[in-house]
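Down below is the structure, laid out as structure tokens.
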Amino acid sequence: MKVNHSTLQGVPVLSHLCYATGLQLLSWSLGLAATLVLLDSRSGFLRDHPPLAWRVAGVLLGPLAVLSLAAVAVGGGPRWVTLGLVLPYALMALGASWVWYRGARADLRRQREREAAVLGLLAVLFASLAQTGGDGLPVLSLAASLGSAALVGGLGILALGCTVRRRRDEVEVDPNCDGIPVRVVATGLGIMALAASDVGRALLTGSAPLPASLGLWLGCSLLVPVLVLLAGRRLSDWNRPLLWRTACLAALVGQLALQTTLVA
């Protein structure tokens, strides 16, 4: 029987891509959960009537975690990652999504999202230990996990805020609320800059090459969001939909490219 070697070679590539996608979905779900925890700590009328964009982000926590679980399982991830880390977080995130969807009382909603954020943080940190590659630069693993959570979580909330139309009966949100996701994004960019400095040092010493995927990561996850932040500050308008959507999409692409490099 003739063996199709090209097909056999394509299987590991596909499994690596699925596993990388699963880890990124896990980080993105954590990023939304953590950003919501910070935003949802407000008191007053906003406590019982959160904006529609926050509700959409809360409902997305569970589906993103379930997709992460499916992708990690299909990608052949270690069983301790799939069953010991991603599965418990997926169940917790589904619970948080359910209370957001049902419009449960504020104390229950906040409890569920905090529990999901804490469990997601542990899952992301320990799952990153199973990563390989990165040319001996452990800070890349930090950028792919916590950096993704901060960058995509903040940008995702900002993009949702300017994409989802505000309902007529929705309470007006304090413009200062945008400062929270912006600070989350800045934290992610700080992690990216730290990782980029290590990559640059490795390139100067000749101890590591620069694959095309890392170049894509540096451009999409660091350069584009920084330019968007500078453009938003210059224009004195943090709610320009095109800016936030572009930055969020670029970060999604860049972070997935980095994660794919690490698990290859």
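The values are calculated or read from the model by the stated rules, or taken from the named source; none is laboratory data. What you see is a predicted model, and the numbers here were worked out from it, not measured in a lab. Glycine also receives a Cβ, built like all others from the backbone with ideal geometry; neighbour counts cover every protein chain displayed. The protein model used for the area step is the full one, side chains on, heavy atoms only, and it has no ligands, DNA or RNA in it. Shrake-Rupley method; radii C 1.70, N 1.55, O 1.52, S 1.80 Å.
List of remarks:
- Counting protein heavy atoms only, the stretch 33-89 has 71 percent of its accessible area on carbon and sulfur, 1.4 angstrom probe.
- Charging the Cβ of each Asp and Glu at -1 and of each Lys and Arg at +1, and nothing else, the dipole of the stretch 52-112 about its Cα centre rounds to 220 debye.
- Spin-label model, LEU249 to LEU194: label points 7 Å out along the Cα-to-beta-carbon direction sit 3.1 nm apart.
- Highest to lowest packing among 57-64, 118-125, scored as the average C-beta count within 10 Å: 57-64, 118-125
- Heavy-atom accessible area ranking, 1.4 Å probe, most first, across LEU140, LEU242, LEU203: LEU242, LEU203, LEU140
- Between LEU91 and PHE126, the modelled label-to-label distance comes to 1.3 nm, taking each label 7 Å out from Cα in the direction of the beta carbon.
- In the full protein context, the stretch 38-97 carries 44 Å² of accessible surface per residue, based on a 1.4 Å probe and ignoring ligands, DNA and RNA.
- Förster radius 41 Å - calculated FRET efficiency between VAL226 and ARG47, Cβ distance, rounded to 0.05: 0.75
- Packing order of peptides 31-37, 216-222, highest average first: 31-37, 216-222 (average count of other Cβ atoms within 10 Å over each peptide's residues).
- Using a probe of 1.4 Å, the accessible surface attributed to ASP48 totals some 80 Å² when neighbouring protein chains are kept in position.
- Net charge of Cβ neighbours under 11 Å - reference LEU36; Lys, Arg +1; Asp, Glu -1: +3
- MET192 accessible area, 1.4 Å probe, all protein chains in place, Å² to nearest 10: 0
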